[in-house]
Each structure stands twice: as C-alpha cells, then as structure tokens.
Amino acid sequence: MAIVYNKVARRNLQKPNEPAKWYLCNKSIGTVTESEVARQIAEETTLNPKEAEMALAQLRKIVLRNLHAGNTVRLGDWAYFYATLQCEGAATEDEAMPAKVKKVAMHMRYEKSFQEELNRATFVAAKSLQKKEDETTTEEP
C-alpha cells in the first residue's frame, strides 16, 4: 500500500512574478466507512463486526462527552483530541461572552511515535495507477 499523489504547479500569490513551483499533492482513492473500519478491526481481534461498530460508536460518544466537559482526550501514545472555540471578537472583556461563540471545533493531533510511523509511507503516482487501469481495460480477449 502506498499514498497516491498528483503533481501540482502552484504560484506563490505573494510573489506573482516568480514561476510556479511543483508540489506533490496526495490524492484520495476512496473512503473507508465506519462499518468497514469495524470489519477490519474484527478481522484483527476477537470482536465480531457488530461489537467493533458498537465500540467505535461508544468511542465517539465518550470523546464528545469529555470534550464537552473541557477535557483533552488522549488515546494511548498515538493521538489526542481537543476542542477550540471560534468566536466573534469583542471590544471589551465584559463583552466577550459565550453568545459570541460561532463554532466549537474539534482537533486531533498525532503523537510523535504515530507521526514517525506515518512518515514511513511509500508513494505512488496517480498517473501510474491510471496507466495500469487503462492497460487492463484495453486488453483484447
């Protein structure tokens, strides 16, 4: 398995006279649903798929409960979740109040060990995948 990428030319908007530079941009090749994640968990544990789905649903519920209580939720040595407030600014401290909150956002941060594992990824160009698909579909019987 490898992370799929495309090459994209991007200009620096702060330096419009400079030529565009090329960057790799990851390309999603699909979405894995909660049910699929549960099935994969079941394949690697003693849980059946429904038990794994229930565990994921409970994880969601517990994370939300703790974020609402003002806690940061740390999951082992791989990640933690925390909430931040996006709110309208106020001219004075007294005017800064909960009514000014527009959105509560949840963030997930990786721990160093998880990031190190993620950095071991291999990469494959999306173009090369398309070529392979084209070759298999254009073969004559």
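The values are calculated or read from the model by the stated rules, or taken from the named source; none is laboratory data. In this text the structure is predicted, and so the values were computed from the model without any measurement. Just the protein is used for accessible areas: all its heavy atoms, side chains included, with ligands, DNA and RNA removed. Shrake-Rupley method; radii C 1.70, N 1.55, O 1.52, S 1.80 Å.
Ignoring ligands, DNA and RNA, how do 106, 54 rank by accessible area with a 1.4 Å probe, largest first?
Working: 106 100, 54 120 Å².
Result of the area sort, largest leading: 54, 106.
Applying the Karplus parametrisation 6.51 cos²θ - 1.76 cosθ + 1.60 with θ = phi - 60° to the phi angles of segment 91-108, what ³J(HN,Hα) value in whole Hz is obtained for each residue in order, glycine and proline being reported as x?
Working through the residues one at a time gives 6, 10, 4, 5, 7, 6, 8, x, 5, 7, 6, 9, 7, 9, 10, 9, 10, 10 Hz.
Classify segment 1-72 as rounded, prolate or oblate, taking a ≥ b ≥ c as the square roots of the eigenvalues of its Cα gyration tensor: rounded when a/c is under 1.5, otherwise prolate if a/b is larger than b/c and oblate if not.
On the way: a/c = 5.36, a/b = 1.92, b/c = 2.80.
Because a/c hits 1.5 or more and a/b fails to exceed b/c, segment 1-72 counts as oblate.
Quick one: accessible area per residue over the chain, 1.4 Å probe, rounded to a whole number of Å²? Intermediate values should be presented prior to the final figure.
Working: 12070 Å² over 141 residues.
Ligands and nucleic acids excluded, the result is 86 Å² per residue.
Let me know the Rg and Dmax you get for the chain when you use only its Cα atoms, in Å.
Taking only Cα atoms of the chain, I get Rg and Dmax of 22.3, 77 Å.
For residue 75, what residues show an amide H to amide H distance below 5 Å, using hydrogens built from the backbone and excluding near sequence neighbours?
Amide H to amide H, under 5 Å and 5 or more residues apart or across chains, residue 75 pairs with 80, 81.
Amide H of residue 3: which non-local residues (sequence gap of 5 or more, or other chain) have their own amide H closer than 5 Å, using H built in the peptide plane?
So residue 3 has HN proximity to 122, 123, 124.
If you take every DSSP beta bridge fully contained in the chain, what fraction is antiparallel? Give it as a percent rounded to 5. Display every interim value, and only then the final one.
Numbers: 18 of 21 bridges.
Percent antiparallel among DSSP bridges in the chain is about 85.
Of the heavy-atom accessible surface of the chain (probe 1.4 angstrom), what whole percent is carbon and sulfur?
54 percent
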